[in-house]
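Read the structure below first, then the notes.
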Amino acid sequence: IEQYSENQCFVSFKDHKDNFFSNPKCRLINPAKSSMGQVSKSILERVVLEIRANTGVNQWKSTSEVLNWFGTIKNMKKARFIKFDIVEFYPSISSGLLDRALSFAESVTELSVDEKEIIKLTKKSFLFNGGQCWIKKSDVNFDVTMGSLDGAETSELVGVYLLNKLSTIIPLESLGLYRDDGLAIIERADGPKLDRIRKKLHQMFQQEGLRVTVEMRDGSVGCLDVVLSLKDGSCGPCGGPGGAPLCIGAGSGHPPGVIGSVPGVVSGRLGGVSGTGALFGGSGQECGVALG
């Protein structure tokens, strides 16, 4: 028998956005999980892994995968970045979009009728607030909820489907996606060429019922927690607002064991994302000041 955990929903504010105070946004987190979500999660993990292996799409799971991809790019000095962000990705995934992603998966790997039904069944959701159960007013009870057991894996399936479609606009090896954030490197990119690509990106995402923001970047760009540079092929750690790294202070209220482990963790992290010794040293000094 299908069961749902009756967990209270809540919202998280997107206060990291630049225009938060003038245009505040929030995410609805729905932890009321379907018991079949774990089964769907397992199916989707296998399917997405096989699609990545069979198609060669760059769907990143970590910073190291981004750096490995960036290291394969040639002719950087004649290239430019295109950075795009899928707006409100989870709630914008429709039943039709998921069906198209599942059909694409069937063309690449094995996916049974029963497995597809399980994946779609878990998208029927309930919302619990103040001890009451809420459902959508619309006829279609469909949601890819943040907080569900298979929400991330569902978005990844849609992501590899989108990457496959995007490869008709941008070469597969020059393009990658991390969740809802995409990055591409366009060689020999003049203004008219970039503008044509920008228009095609908007058109393609609109066809899938999604909105996307697109930015053209010269020189360098931030991706996850690193800065990538086309000028010399280097990479380094991203800072916080104003470029300064964000670290907990030595006098913070964290347990002594946590504070004591921070220098080693930070040093290892900076070493992993710094392309040169100078970048590592500079970031390490800034963090050393912050750590006291």
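The values are calculated or read from the model by the stated rules, or taken from the named source; none is laboratory data. What you see is a predicted model, and the numbers here were worked out from it, not measured in a lab. Heads up, the Cβs are rebuilt from the backbone with ideal geometry, glycines too, and the neighbour counts pull from every protein chain shown. The area values use the complete protein model at the heavy-atom level, side chains included, leaving out ligands, DNA and RNA. Shrake-Rupley method; radii C 1.70, N 1.55, O 1.52, S 1.80 Å.
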Looking at segment 191-201, can you tell me whether even one residue there is more than 20 Å from Leu98 (Cβ to Cβ) and modelled with pLDDT under 85? yes
Looking only at segment 93-122, and only at residues there that are part of a loop (DSSP other than H, G, I, E, B) and among the small types (Gly, Ala, Ser), the one that is surrounded by the fewest Cβ atoms within 10 Å (Cβ to Cβ): Ser112
When the residues of segment 50-68 are narrowed to those that are under 16 Å from the mean Cα position of the chain (by Cα) and assigned to a helix (DSSP H, G or I), which ends up nearest to Asp114 (Cα to Cα)? Arg52
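Considering only segment 199-215, state which residues are in contact (Cβ under 8 Å) with a residue 60 or more places away in the chain and surrounded by fewer than 16 Cβ atoms within 10 Å (Cβ to Cβ).
Kept after step one, since they are in contact (Cβ under 8 Å) with a residue 60 or more places away in the chain, are these residues of segment 199-215: 201, 205, 208-215.
Within segment 199-215, Gly209, Arg211, Thr213, Glu215 qualify.
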Of the conditions (1) at pLDDT 95 or above; (2) farther than 19 Å from Arg52 by Cβ, Leu166 fails just one. Which one is it? (2)
Please enumerate the residues belonging to segment 61-79 that are surrounded by 19 or more Cβ atoms within 10 Å (Cβ to Cβ) and out of contact with any Leu (no Cβ under 7 Å at 6 or more places or on another chain). Trp69
Got a number for residues in segment 152-175 being open to solvent by 10 Å² or more (accessible area, probe 1.4 Å), in contact (Cβ under 8 Å) with a residue 60 or more places away in the chain and under 13 Å from Lys200 (Cβ atoms)? 1
Could you tell me whether Ser148 is open to solvent by less than 40 Å² (accessible area, probe 1.4 Å), over 21 Å from Phe70 (Cα atoms) and among the polar types (S, T, N, Q)? yes
Inside segment 226-246, the number of residues satisfying the requirement of being part of a loop (DSSP other than H, G, I, E, B), surrounded by 13 or more Cβ atoms within 10 Å (Cβ to Cβ) and modelled with pLDDT of 65 or more is 4
Could you tell me which of the residues Ile51, Ile82 is within 21 Å of Lys120 (Cβ to Cβ), buried (at least 19 other Cβ atoms within 10 Å of the Cβ) and either at pLDDT 90 or above or in contact with a Ser or Thr (Cβ under 8 Å, 6 or more places away or on another chain) (or both)? Ile51
Quickly run through segment 176-197 and pick out the residues that are open to solvent by 60 Å² or more (accessible area, probe 1.4 Å), out of contact with any helix residue (DSSP H, G or I) (no Cβ under 9 Å at 6 or more places or on another chain) and closer than 14 Å to Ala79 by Cβ. Asp190, Lys193
